[in-house]
Amino acid sequence: MIVADTHAWIYYLLNKLPSKANEIFISAESGKETIAIPSICLVECTHLVETGKITTTYKELFSRLEVSNNFIVVPLTLEIIKSIPEFKLGEMHDRIIVATAKYLKSSLVTKDKEIIKSQLVQSIWN
């Protein structure tokens with residue numbers, strides 16, 4: 001299982017992922033890999049659609065989750081919330097995403113420079 005952050009999910013929707021990240025999503029579409037999407041990522045995406053910062057629809061945002069049973073949404077649980085103070089990042093949503101990846105003992109598909117630099121989780125992008 002690999003966790004995808006908000007950038008990864010949006011770039012997937014817009015067909016703009018770099019090759020290494022794209023391979024992971026193609027593997028999920030074909031049932032060979034599981035991609036976990038923290039619920040906070042979908043909340044962020046909803047906000048980006050509402051504000052017009054990304055050009056996709058709510059239908060597209062959520063329908064791609066149904067392409068394969070290998071895309072799963074991970075709820076924000078008490079166990080994940082309790083671990084958030086361990087992760088000293090500037091943005092709360094990034095802390096939640098990293099906490100989710102750590103909870104799942106997974107790598108994270110992200111282009112976020114602060115997360116990559118922190119080395120809190122193994123990052124995948126290019």
Across bins of 5 angstrom width beginning at 0, how are the C-alpha pair distances of the stretch 54-126 distributed, in whole percent?
3, 14, 22, 20, 21, 14, 6, 0
When only C-alpha pairs under 8 Å and at least 6 residues apart count, what is the relative contact order of the chain, in percent?
33
Whole-Hz couplings from phi, Karplus 6.51/-1.76/1.60, listed for the stretch 68-81; x for Gly and Pro:
8, 5, 8, 9, 10, 9, 9, x, 7, 9, 4, 4, 5, 4
DSSP bridge pairs, the chain: antiparallel proportion in percent, nearest 5:
0
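Can you list the trypsin sites (Lys or Arg not before Pro) in the stretch 48-126 that are in a DSSP coil and have 11 or fewer other beta carbons within 10 angstrom? Could you put the intermediate results ahead of the total?
On the way: sites: K53, K59, R64, K82, K88, R95, K102, K105, K111, K113, K117; in loops: K53, K88, K105, K111.
Qualifying residues, ordered by number: K53, K88, K105.
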Candidate lysines for bridging to K113, where Cα separation is under 22 Å - those fewer than 8 sequence places away on the same chain excluded:
K16, K20, K53, K88, K102, K105
With V98 itself left out, Lys, Arg at +1 and Asp, Glu at -1 over residues whose Cβ is under 11 Å from its Cβ give -3
Compute the orientation-averaged projected area for the chain from the convex hull of its Cα atoms and round it to one decimal in nm².
7.2
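Placing +1 at every Lys and Arg Cβ and -1 at every Asp and Glu Cβ, with all other atoms neutral, what dipole size does the stretch 2-124 have around its Cα centre, in debye to the nearest 20?
My answer is approximately 240 debye.
Taken together, the values in this text are just the output of simple stated rules run on the coordinates, not laboratory data. The structure presented is a predicted model; accordingly, all values stated were derived computationally and were not measured. Note: ideal-geometry Cβ built from the backbone for every residue, glycine included; neighbour counts use all protein chains shown.
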